[in-house]
Amino acid sequence: MSIQIREAQTRDLVDMLGIYNEIILTTTTIYSYSPRSLAEQISWLGTRQKDGFPVLVAEAEGRILGYTSYGYFRNWPGYDNTREHSIYLHQDARGKGLGRRLLEALIEHARRNSVHVLIASVDSENEASLQFHKRLGFEEVACFKQVGYKFGRWLDLYFLQKILVDRPKPIALEELSITLEPATTKEVFGFLVPLYGESVERDLVRLESQSRAALVVTRLHGKIVACASLQPHSEVAAEVKLFGLNPDKKQVVDGLLGVLEQTARLINYSQINLQTSQPDLAAFLKDQGYKPIDCLSQNKAELCFEKSL
């Protein structure tokens, strides 16, 4: 019997669903109780394809006998070189070498795509799968006791892993990101102290100890390019200080102000007060609805603004 390993297509979904649901209903391989619907299987395949993950099927004489795939291990950037895989075989195709062919094809795909580690999670009662993975070079690294429950009994789960390539895959960073971050991180200090001196460090420590205060950080390709602090000026007004803001970078300024205003509203301020010594920034603030006011600062170069939220 000739077997073809290929990428899954929509026409394969009914056969794939039959394999998956038989495993749910008769084994502890999958810690689920109810069969999956065809709509859920269609959504699963579409999500895998959208995320760029492989779904490989083994076909013989027009019939799908098994399939395998990998996806996110944990959906945080630091785990982006690690993937968790699954492999499902029709009950008539088990123990005949088909699983090896599928998983070897998946491992080769993972290597080509710079996956550093593949992880398998295997129920402790599935001795055949445990030994199968070990024969293909997977190392048992953990056993989580009684983390599953099915068929009236507690289930243990093994984790196995195989290291594939040494070089980390570059992680693409958003071009522009604006986030709330802790004020006292080394990265924030490293950005602000060269610009404003050691005194800014005391200001940041004080900022972090206040209630209704926040630090908004703007990054280009992951690197800090500007930030702003927000802290109480009165019960209803927040005082904002801007750091490293270049008025020529309109997208950065606009994004930073937008997050500042949203944050101020969330912590129940109805007004923002801020000041700047940059005429270009002052002009931009006016365009964004900030109203010039008399400045109480002793620095005559400072221009003061307020905005109702």
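The values are calculated or read from the model by the stated rules, or taken from the named source; none is laboratory data. This one's a predicted model, so the numbers in the text were calculated from it and none came from an experiment. Cβ: placed from backbone, ideal geometry, glycine included. Neighbour counts: every protein chain shown.
Residues in the range 50-64 that are over 29 Å from the mean Cα position of the chain (by Cα), buried (at least 17 other Cβ atoms within 10 Å of the Cβ) and of a type in the set (A, V, I, L, M): Ala58, Ile64.
Selection within the range 261-281: residues that are surrounded by 21 or more Cβ atoms within 10 Å (Cβ to Cβ) and among the aliphatic types (A, V, I, L, M). The member of this set that is nearest to Glu302 (Cα to Cα) is Leu274. When the helices (runs of 4 or more DSSP H) confined to the range 94-206 are screened for residues that are under 30 Å from Ile3 (Cβ atoms), those reaching at least 2 such residues are found at 98-112, 127-135. Across the range 65-93, the qualifying residues are those that are part of a loop (DSSP other than H, G, I, E, B) and within 26 Å of the chain's Cα centre (by Cα), and the one among them that is nearest to Ile19 (Cα to Cα) is Phe73. Every residue in the range 174-215 that is farther than 22 Å from Arg265 by Cα and in contact (Cβ under 8 Å) with a residue 60 or more places away in the chain, please. Once the filter is applied, which keeps residues that are farther than 22 Å from Arg265 by Cα and in contact (Cβ under 8 Å) with a residue 60 or more places away in the chain, the range 174-215 yields only Leu176. Taken over the range 187-229, the residue count meeting the criterion of being more than 20 Å from Leu274 (Cα to Cα) and among the polar types (S, T, N, Q) is 1.
If you go through the range 46-59 one residue at a time, do you hit one that is closer than 20 Å to Asp123 by Cα, assigned by TED's automatic domain parsing to the domain that holds Asn126, in contact with a helix residue (DSSP H, G or I) (Cβ under 6 Å, 6 or more places away or on another chain) and β-branched (Val, Ile, Thr)? No: zero hits. Scanning the range 184-207 turns up one or more residues that are among the charged types (D, E, K, R), under 28 Å from the mean Cα position of the chain (by Cα) and outside the structural domain of Trp76 (by TED's automatic domain parsing). Answer yes if at least one residue in the range 32-49 is part of a strand (DSSP E or B) and surrounded by fewer than 18 Cβ atoms within 10 Å (Cβ to Cβ), and no otherwise. No: the range 32-49 contains no residue that is part of a strand (DSSP E or B) and surrounded by fewer than 18 Cβ atoms within 10 Å (Cβ to Cβ).
If the condition is being in contact with a helix residue (DSSP H, G or I) (Cβ under 8 Å, 6 or more places away or on another chain) and not β-branched (Val, Ile, Thr), then the range 216-240 contributes Leu220, Ala226, Cys227, Ala228, Ser229, Leu230, Gln231, Ala238.
Table: residues versus (1) surrounded by fewer than 19 Cβ atoms within 10 Å (Cβ to Cβ); (2) over 18 Å from Leu257 (Cα atoms).
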position: Leu173; (1), (2): yes, yes
position: Ser177; (1), (2): yes, no
position: Leu180; (1), (2): yes, no
position: Lys186; (1), (2): yes, yes
position: Phe189; (1), (2): yes, yes
position: Gly197; (1), (2): yes, yes
position: Gln210; (1), (2): yes, yes
position: Gly222; (1), (2): yes, yes
position: Ala226; (1), (2): no, no
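Residue by residue, here is whether (1) closer than 23 Å to Glu59 by Cα; (2) free of Cβ contacts under 8 Å to residues at least 60 places away in the same chain holds:
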| position | (1), (2) |
| --- | --- |
| Asn75 | no, yes |
| Tyr79 | no, yes |
| Asp92 | yes, yes |
| Lys96 | yes, yes |
| Leu102 | yes, no |
| Ile119 | no, yes |
| Glu125 | no, no |
| Ala128 | yes, yes |
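Here Arg112 clears all of (1) exposed (fewer than 14 other Cβ atoms within 10 Å of the Cβ); (2) over 20 Å from Leu56 (Cβ atoms) except the condition numbered (2). Of all the listed residues (Arg100, Arg112, Arg83, Arg74), the sole one being over 20 Å from Ala172 (Cβ atoms) and basic (Lys, Arg) is Arg100.
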